[in-house]
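To start, the structure under review is shown below, and the notes come after it.
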Amino acid sequence: MHPYLPNTDEDVKVMLDVIGLEKTEDLFKSIPENLRLKKGLDLPKEKSEIEVRGIMNGLASKNQSIDELVCFLGAGSYDHYIPSVIKHIISRSEFYTAYTPYQPEISQGTLQSVFEYQSMMCSLTGMDVSNVSMYDGATSASEAAILASVQTKRNKVLVSETLNPEYKEVLKTYLQFRSVDVEFVSEKDGVTDFEDLKAKMDKDTAGVILQYPNFYGVIEDVKEMEETIHENKSLLIMSVDPIALGMLKSPGELKADIVVGEGQALGQNLNFGGPVLGFMAATKKLMRKMPGRIVGETVDRDGKRAYVLTLQAREQHIRRYKATSNICSDQTLNSIAAAVYMATLGKQGMKEVAVQSFKKAHYTYEKLMEGGKYKPVFDKPFFKEFAVSCPKSVEEINSALRKEGILGGFDLKRANEKLENAMLVAVTESRTMEDIEKFVRIMEEI
């Protein structure tokens, strides 16, 4: 018997008698016969706890993390430095156990931490209001598309082909059940094809989603597209890298209506893919239709500063069937980590991370180009990621790099079949000159 399922045959019989069934199989009568497994699970013979632990540890030891490998892989998740103070603070029980505040006013500490996070995100993005929060960058982009459709009462969203491919897949899945059409705008030389955008823009276009910098690391020229989008009374949705905003123009300066993105770079571990943090910020006119939670500052009856959840009537609490979104949970712990990260670095620290990532990426790029074996895929300005054409398959190159303790770049053929033997290389402030020199040397030797 399983040590944590201590029901005897007599226990099972008593429970079945209470609900009027003869055998356990009767619990599954609603499942069609052709869907039921008619045999035992194909599992090895039972083992002791000691044996199982040994097997699991053996499997786990096959994994290698960025603590063991030097990482040049990005494509949406990045190896940025995480100050040790973050783990110290979010490991405190009052934060670590924080969940969706259903009785929010008694959770003043949680509300204040969220308020501080939202305030910093507004400052970083140049927007009026920020929520807390979406699950990840992909869901935040999808929620923004729905918000644009609700706000404009239009049923089509244009999405640049230079958006992260995982975001595109989630968008298609999300919007097919919201009666919102997704149409993709072609890419040209690594950026959004402006002519194709203009051709596909019409009176049904609720919004346009652009990535900044885009999936290839290229910094898109948003200004020209913004004018066309707003002339059509559509909304400009920008999916951004928050680290890049330490040195690039903010979406607010570029007149974005909604800003979304992946917050993993803001003090979050890679965590083998999650949990991470999706963020959303918008203009004031969209505040009442934003999904997620918004914390406001007020005073209590004694005149002391206090925090409250605001505009809840727009949420799933009351008008559930009319809600813009049905995201019921949030990433509070992740948002607190992001707030601690931004507070720890400050304005100058955020700028320093961006500048170092930018300079190290460009240094790596120039060193790779010097040898002549690698060629640029796109001749466009980039931030911390760049695409190079390789003399061999990316799979073969990455295999050789892995043997030398280096996690190589992303194989762009997985995102675009036309990009054969093309690698997307990411370089953050965490990479030392020794890391970069070793990477370039091995790439040349390969």
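The values are calculated or read from the model by the stated rules, or taken from the named source; none is laboratory data. All values derive from a computational prediction rather than experimental measurement. Ideal geometry is used to build each Cβ from the backbone, glycine not excepted, and the neighbour counts take in all protein chains shown. Just so you know, the surface numbers come from the protein's heavy atoms only, side chains and all, with ligands and any DNA or RNA stripped out. Shrake-Rupley method; radii C 1.70, N 1.55, O 1.52, S 1.80 Å.
Here is how the number arises for the chain: DSSP H runs of 4 or more residues each give -39500 (n - 2.57), the sum is divided by the residue count, and the result at 222 nm is -11000 deg cm²/dmol. For the range 350-392, carbon and sulfur atoms together expose 52% of the accessible surface, with a 1.4 angstrom probe and every protein chain in place. Going by Cα centres, the range 265-305 and the range 48-120 are how many Å apart? Centre-to-centre distance over Cα atoms comes out at 18 Å. Over 32 Å apart at the Cα level, from the set 29/156; 172/418; 156/285, are 29/156. Surface exposure of the chain, expressed per residue as accessible area with a 1.4 Å probe, stands at 53 Å².
Using a 1.4 angstrom probe on heavy atoms only, work out the carbon and sulfur share of the accessible area of the range 1-108 in %. Write out the running numbers ahead of the final one.
On the way: 5300 of 9080 Å².
Roughly 58 percent, rounded to a whole number.
Evaluated with a Cβ-only charge set (Lys, Arg +1; Asp, Glu -1), the chain carries a dipole of roughly 920 debye about its Cα centre, given to the nearest 20. Between residue 47 and residue 88, what FRET efficiency follows from the Cβ-Cβ distance if R0 is 51 Å, with the result rounded to 0.05? It comes out at approximately 0.85.
Computed from the C-beta positions of residue 299 and residue 22, the FRET efficiency with R₀ = 51 Å rounds to 0.20.
Which value, in debye to the nearest 20, describes the size of the charge dipole of the range 399-444 about its Cα centre when Lys and Arg Cβ atoms bear +1, Asp and Glu Cβ atoms bear -1, and nothing else is charged?
Working: 8 positive and 9 negative charges, 37 e Å.
The calculation lands at about 180 debye.
Apolar share of the accessible surface for the range 187-273: 45 percent from carbon plus sulfur atoms, 1.4 Å probe. Need one number: the % of Cα-Cα pairs in the range 28-176 sitting beyond the 27 Å mark. Roughly 58 percent, once rounded to a whole number. Placing unit charges on each Cβ (+1 for Lys and Arg, -1 for Asp and Glu) gives the range 76-185 a dipole about its Cα centre, and among 85, 121, 177 the Cα reaching farthest toward its positive end belongs to 177.
Students often get this wrong, so try it: which of (i) 24.9; (ii) 23.1; (iii) 28.3 is mean projected area of the Cα convex hull in nm² as calculated from the structure shown? Of the labelled values, this structure produces (iii). Under the rule a/c < 1.5 gives rounded, and otherwise a/b versus b/c splits prolate from oblate, where does the range 155-306 land using the Cα gyration tensor? Cα axes put the range 155-306 in the prolate bin.
Applying a length cut-off of 24 Å (Cα extent along the axis) and a mean Kyte-Doolittle floor of -0.5 to the DSSP H helices of the chain leaves 108-125, 332-370.
Relative to one another, the C-alpha centroids of the range 9-36 and the range 396-446 are positioned 55 Å apart.
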